[in-house]
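**Student:** Take a look at the following structure, please.
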Amino acid sequence: MKKRTGKKQSANEPTDQASVKIINITKKFLRGWPLPALDEDGDKEERGRVLVVGGAPGMPGAVMLAATAALRAGAGKLQIATLESIAQTVAVNVPESRVFALPETKAGAIAVAAAGETLKRSNRVEAVLVGPGMIDENAVTRWMKKLIPRLEHPTLILDAAALAILSTSPAILHSLNGKVIITPHAGEMANVLGIDKEEVLEKRSEIARRAAHDLQAVVALKGAETFIAAPSGEVYRNRTGNIGLATSGSGDTLSGIIAGLVARGATPIQAAVWGVYLHGRAGDALAKRMGRLGFLARELLAEIPALMAECEGVKRR
């Protein structure tokens, strides 16, 4: 893909990065920015609904990890939309969910014909996560072009193959009025923006901020340090986590945590900031107990509730 150049800065674009204050995410900081309070007498409806869309014949695990992570982050009701060929496997392995089987292509991607059914489900939930375990970026892009312009209610979280649509249709998210979160690593961010990966690595905070402005989405640019930027210009930096998080399925758990926090009522930027921090802290807890290499993405899930309560200042009984 060609590198995009020659764009003139408008009056509404971010100012020089040197003038931007980057906020470090700490437990103390999060306690000053608490998640929306839940009524102790409330039911699962109050805790919000999540729809996770993804999966492929060889990767049912990704959508299962993401979906379970959403519940661990506190979402009340979970739905999964996945391929016909793996729907039963997913349903058996995530018994807390309601699973919908979607038509698929011969290559194992969600068919464009699934857009209508997915849209109907999407407009009945608070958070829609698209991407975990998906294959065939061209098929995903065709399907999402039918879906995104007709979304009315939910916050949309995009990960993995779902990010490909942004390289060809960078303005497609603008109609969602900022209710979007994307979670790219450096390579995915480079593909979205049409620039070199090395440039992303050299200017991570600046790239995250400009991408958030241009795409009108919260951007969580993953790495050893993760930078989270909002369309309005603020930038946050997370330093929790370790090399052990660079493992299969780790990104799926992160996107699922963020989706679960959105379902509970967190704003897109708050959900991204809290989610990235909790994901990193979960990795640190496992590294301390098991060693920095060799823990599994699915083992992160059980760490989240206690860490979330700790950050909220809730004492265990």
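Read the figures in this text as sums done on the coordinates, not as results from a lab. Note that the structure is a prediction, hence the values are computed from the model and not measured. Please note: Cβ atoms are built from the backbone with ideal geometry, for glycine as well, and neighbour counts cover all protein chains shown.
**Student:** When the chain is treated as a GNM, springs tying every alpha-carbon pair under 10 Å, which of 67, 164, 229 comes out with the largest mean-square fluctuation?
**Tutor:** Fluctuation is largest for 164.
**Student:** Roughly how many debye, to the nearest 20, is the charge dipole of the chain about its Cα centre, given +1 on each Lys and Arg Cβ, -1 on each Asp and Glu Cβ, and no other charges?
**Tutor:** Magnitude of the dipole: close to 340 debye.
**Student:** Sticking with this one: Taking amide H positions as placed 1.01 Å from N in the peptide plane, with prolines and chain starts having none, which residues 5 or more places from residue 23, or on another chain, fall under 5 Å of its amide H?
**Tutor:** Counting only residues 5 or more places away or on other chains, the set is 235, 236, 237.
**Student:** Give 27/77; 21/222; 77/179 a once-over and call out the pairs whose C-alpha atoms are over 25 Å from each other.
**Tutor:** Details: 27/77 27 Å; 21/222 19 Å; 77/179 20 Å.
Cα-Cα > 25 Å for 27/77; rest within.
**Student:** GNM on the chain, C-alpha springs below 10 Å: top fluctuator among 262, 180, 20?
**Tutor:** 20
**Student:** Using per-residue counts of other Cβ atoms within 10 Å, averaged over each peptide, order 147-160, 83-96, 286-299 from highest down.
**Tutor:** In decreasing order of mean packing, 147-160, 83-96, 286-299 become 147-160, 83-96, 286-299.
**Student:** For the chain, what does the helix formula give at 222 nm: sum of -39500 (n - 2.57) over DSSP H segments with n ≥ 4, over the residue count, nearest 500 deg cm²/dmol?
**Tutor:** Result for the chain: -11500 deg cm²/dmol, rounded to the nearest 500.
**Student:** Here's a follow-up. Checking the a/c ratio against 1.5 first, then a/b against b/c, what shape does the Cα gyration tensor give for the range 63-102?
**Tutor:** Prolate shape, in that a/c is at least 1.5 and a/b is the bigger ratio.
**Student:** Pull out a ≥ b ≥ c, the square roots of the eigenvalues of the alpha-carbon gyration tensor of the range 143-208, then state rounded if a/c is under 1.5, prolate if not and a/b is larger than b/c, and oblate in the remaining case.
**Tutor:** prolate
**Student:** Same structure again: If you take every DSSP beta bridge whose two residues both sit in the range 44-311, what share of them, in percent to the nearest 5, is antiparallel? Working shown, then result.
**Tutor:** Details: 8 of 32 bridges.
Rounded to the nearest five, the antiparallel share is 25 percent.
**Student:** Using the Karplus curve 6.51 cos²θ - 1.76 cosθ + 1.60 with θ = phi - 60°, work out ³J(HN,Hα) for each residue of the range 157-167 in order, rounded to whole Hz, and write x for Gly and Pro.
**Tutor:** Working through the residues one at a time gives 10, 10, 9, 6, 4, 5, 6, 4, 4, 6, 6 Hz.
**Student:** Determine, for 33, 274, the number of other Cβ atoms within 10 Å of each Cβ, and report the residues in order from fewest to most.
**Tutor:** Lowest to highest Cβ neighbour count: 33, 274.
**Student:** Oh, and also: Could you work out the local net charge near residue 241, counting Lys and Arg as +1, Asp and Glu as -1, over the other residues with Cβ closer than 10 Å to its Cβ?
**Tutor:** Local charge sum for residue 241: +1.
**Student:** Here is a follow-up. Determine the sum of side-chain charges near residue 90: Lys and Arg each +1, Asp and Glu each -1, restricted to other residues whose C-beta is under 14 angstrom from that of residue 90.
**Tutor:** Spelling it out: positives minus negatives among the neighbours equals -3.
**Student:** Shape of the range 44-130 from its Cα gyration tensor (a ≥ b ≥ c, root eigenvalues): rounded if a/c is under 1.5, otherwise prolate when a/b > b/c, or oblate?
**Tutor:** Here the range 44-130 falls in the oblate category.
**Student:** Something else: Quick one: net charge around residue 263, please, counting Lys, Arg +1 and Asp, Glu -1 for every other residue with C-beta under 10 Å from its C-beta. Before the final figure, lay out each step's value.
**Tutor:** Numbers: positive: 47, 49, 77, 264; negative: 126.
Spelling it out: positives minus negatives among the neighbours equals +3.
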